[in-house]
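**Student:** Next up is a structure, given as structure tokens.
The values are calculated or read from the model by the stated rules, or taken from the named source; none is laboratory data. These figures come from a predicted structure and were not determined experimentally. Glycine gets a Cβ as well: all are built from the backbone with ideal geometry, and neighbour counts include every protein chain shown. Note: accessible area is taken over every heavy atom of the protein model, side chains too, but ligands, DNA and RNA are not part of it. Shrake-Rupley method; radii C 1.70, N 1.55, O 1.52, S 1.80 Å.
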Amino acid sequence: MFGSLTGVTLIFGTLAVLATRGGSFGFALVLLGMYAVWLIIGLRAQQRTAIRLTVSLAGLDVAWIFGRHFTPWRRARRIRILHSRWDPRRARRIDIVVEGDRPLHLFDRLSEWGKLVDQLRRIHPELIED
């Protein structure tokens, strides 16, 4: 993530500097605006996508690329397990709906994914929606 952010920043920055040196200030502003839009969209997409998740009886300890957050179970309203269209037995994504916050999206790219699904089913079966 940080490598691609650095690379794209260098590309947009270099193009904006070259446009400015060439006298095209309008084009430089358009480039910087495009970079800002790309950055905002990318950060919003990463904001609620977990990198590391620890499930306990107290709650969810989630680590993102930009920090950590603990969500107690009393704030969780629903756990939606979304299955693959082609293999209905395989869970592809889990959405945990949290009171007063956006849903937490967990994707099957997390290690020990099957264990996570089983653990969530055991800890709070009343919140599970398949």
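**Student:** Label Arg102 and Ile40 with points 7 Å out from Cα along Cα→Cβ: what is the distance between them in nm?
**Tutor:** Rounded to a tenth, the inter-label distance reads 1.3 nm.
**Student:** Can I ask one more? Multiply the residue separation of Arg74 and Ile128 by 0.36 nm, subtract the distance between their alpha-carbon atoms, and state the gained length in nm to one decimal.
**Tutor:** 18.0 nm
**Student:** Skip the ligands, DNA and RNA, and give the accessible area per residue of segment 6-130 with a 1.4 Å probe, whole Å².
**Tutor:** That works out to 66 Å² per residue.
**Student:** Out of the total accessible area of the chain (probe 1.4 Å, heavy atoms of protein only), what percent is carbon and sulfur?
**Tutor:** On the way: 5200 of 8570 Å².
Percent of accessible area from carbon and sulfur atoms in the chain: 61.
**Student:** Calculate, for Ser4 and Asp87, the FRET efficiency according to 1/(1 + (r/R0)^6) with r their C-beta to C-beta distance and R0 30 Å; round to the nearest 0.05.
**Tutor:** Calculated value: 0.50.
**Student:** Any chance you could list P(r) for segment 1-103, counting all Cα-Cα pairs in 10 angstrom bins from zero, rounded to whole %?
**Tutor:** Distribution as computed: 13, 29, 23, 18, 12, 4, 0 percent.
**Student:** Nearest 10 degrees is fine. How inclined is helix 25-47 to the longest principal axis of the chain, computing both from alpha carbons?
**Tutor:** 10 degrees
**Student:** Related question: What angle do you read, to the nearest 10 degrees and between 0 and 90, between the alpha-carbon axis of helix 113-123 and the longest principal axis of the chain?
**Tutor:** Approximately 50 degrees, to the nearest ten.
**Student:** Mean residue ellipticity at 222 nm from the helices of the chain, using -39,500 (n - 2.57) per DSSP H segment of n ≥ 4 over the full residue count, to the nearest 500 deg cm²/dmol?
**Tutor:** One gets -14000 deg cm²/dmol as the mean residue ellipticity at 222 nm.
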